[in-house]
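S.K.: Structure in structure tokens, see below.
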Amino acid sequence: MEKTEKIWMDGEFVNWNDAKVHVLAHALNYGTGVFEGIRVYETSKGLAVFRLKEHVERLIDGCKVMCFDLPYSHEEIRNAIKDTVRTNKKVDYVKPCVFLCGEAVGLNPIGVPVKFTITSVYLGSYLGKEAQEKGASLVTSSWMRPWNLAAPAGSKVNGIYVTSCLAKMDAKKRGYDEAVMLNAQGNVAECSGENIFIMKRGKIYTPQTSDSILEGITRNSIIEIARDLGYDVVEREVSRIEMLTADEVFMTGTAAEITQVTKIDDRPIGNGKPGPVGKLLAAKYADAVRGKDPKYEKWLDRV
Ligand code: PPE
């Protein structure tokens, strides 16, 4: 990751090194925040933010779940994100975050002031060039994806990510690229920071939103692109065995984009090489985000 010059903080741009909070900030101690991750791409008509509307909607929905008082409208947030991209030089990823920044000891979040920051960076490849080009290896995590009675699994709430960090760390330490987490029912949920899809007997399956997943915006884009190409995409429970015996598996996420999975739990997926459907969807997605496919121009917000 490469840092940028300015961070948007409660309506003002501050220098990267001055974007600070107190050590007793509620969010630092209790994880009480909501964030987003948004990609920015170069297109022939200039920089474009991908699916900005949906990311802002999900951020606002997360604030609703957490009962945060966010004093900005959808429009204001969109403009602030675009301003942040414009203000900084080399940006491909934006991370807005709304969090309880008031100094507090004690869990009660009621009345603790919120802060809203928008940080932009140059991220590059999230899972590494090799995993993106040749396919990634996954391991099933011993950490369960927090289920719907334990955490707001469908919102990007900061505190929930402790589980994702543990899953990711354990996977990396054991030599895998990424972890796949199961849910409380023992079915496939998602990876530490990506949704997961399988292709089996000509159909594409992905866990449904009630299966303790984050409803990914890349996931929804891929479902639409795949259906436009004529594929049957089914959102339903996906068992671990279906995943292990799938013809193809791929992950989707803003940061990871479409990354094919060639090995899970030391077993090859299909023939152990990136599959044709995943490749096609990755190529279509790459065109869509860069404004090369007029059909998906609707997803781009020029800066
Ligand atoms: N599941 C999780 C748990 C998740 O964090 C992400 C995004 C997704 C699914 C995919 O959602 P979407 O980006 O809307 O398609 N993970 C972010 C990376 C987290 C990080 O900060 O690191 C991302 O891809 O931006």
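S.K.: When you scan the range 57-80, do you find a residue that is surrounded by fewer than 17 Cβ atoms within 10 Å (Cβ to Cβ), among the aliphatic types (A, V, I, L, M), farther than 27 Å from Gly291 by Cβ and within 16 Å of the ligand (Cβ to nearest atom), even just one?
M.R.: Looking through the range 57-80, at least one residue is surrounded by fewer than 17 Cβ atoms within 10 Å (Cβ to Cβ), among the aliphatic types (A, V, I, L, M), farther than 27 Å from Gly291 by Cβ and within 16 Å of the ligand (Cβ to nearest atom).
S.K.: Could I ask something else about it? Within the range 1-17, how many residues turn out to be closer than 18 Å to Lys89 by Cα, in contact with a strand residue (DSSP E or B) (Cβ under 8 Å, 6 or more places away or on another chain) and acidic (Asp, Glu)?
M.R.: 2
S.K.: Among Asp10, Asp92, Asp61, which is the only one that is over 26 Å from Tyr285 (Cβ atoms) and acidic (Asp, Glu)?
M.R.: Asp10
S.K.: How many of the residues making up the range 128-140 are open to solvent by less than 40 Å² (accessible area, probe 1.4 Å), closer than 21 Å to Pro276 by Cβ and either at pLDDT below 95 or among the charged types (D, E, K, R) (or both)?
M.R.: 1
S.K.: When you check Phe99 against the structure, is it in contact (Cβ under 8 Å) with a residue 12 or more places away in the chain, assigned to a loop (DSSP other than H, G, I, E, B) and either buried (at least 16 other Cβ atoms within 10 Å of the Cβ) or within 16 Å of the ligand (Cβ to nearest atom) (or both), yes or no?
M.R.: No: the conditions fail for Phe99.
S.K.: Being outside any loop (DSSP other than H, G, I, E, B), within 16 Å of the ligand (Cβ to nearest atom) and open to solvent by less than 30 Å² (accessible area, probe 1.4 Å) is the requirement here; does Ala226 meet it?
M.R.: Yes; evaluated as a whole, the condition is true for this residue.
S.K.: Determine, yes or no, whether Leu52 is in contact with a helix residue (DSSP H, G or I) (Cβ under 7 Å, 6 or more places away or on another chain) and closer than 18 Å to Val21 by Cβ.
M.R.: Judged against the criteria, Leu52 is not a match.
S.K.: Right, here's the next one. Of the residues that sit in the range 6-54 and are open to solvent by 20 Å² or more (accessible area, probe 1.4 Å), of a type in the set (Val, Ile, Thr) and not in a strand (DSSP E or B), which one is farthest from the ligand (Cβ to nearest atom)?
M.R.: Val23
S.K.: OK, next. Give the residue, chosen from Thr84, Thr117, that is touching a Cys at 6+ places or on another chain (Cβ under 6 Å), polar (S, T, N, Q) and crowded, with 20+ Cβ neighbours inside 10 Å.
M.R.: Matching residue, one of Thr84, Thr117: Thr117.
S.K.: I would also like to ask the following. Between a first residue in the range 160-176 that is away from the ligand (no atom under 12 Å from the Cβ) and a second residue that is in a helix (DSSP H, G or I), which pairs have beta carbons less than 9 Å apart while being 6 or more apart in sequence or on different chains?
M.R.: Tyr176/Asp170
S.K.: So Ile241 ticks every box in (1) away from the ligand (no atom under 15 Å from the Cβ); (2) part of a strand (DSSP E or B); (3) not basic (Lys, Arg) but one. Which box is left unticked?
M.R.: (2)
The values are calculated or read from the model by the stated rules, or taken from the named source; none is laboratory data. As the structure is a computational prediction, the values presented were derived from the model and not from experiment. Note that we place each Cβ from the backbone using ideal geometry, even for glycine, and neighbour counts take in every protein chain shown. Each accessible area value is taken on the protein alone, full model and side chains, heavy atoms only, with ligands, DNA and RNA left out. Shrake-Rupley method; radii C 1.70, N 1.55, O 1.52, S 1.80 Å.
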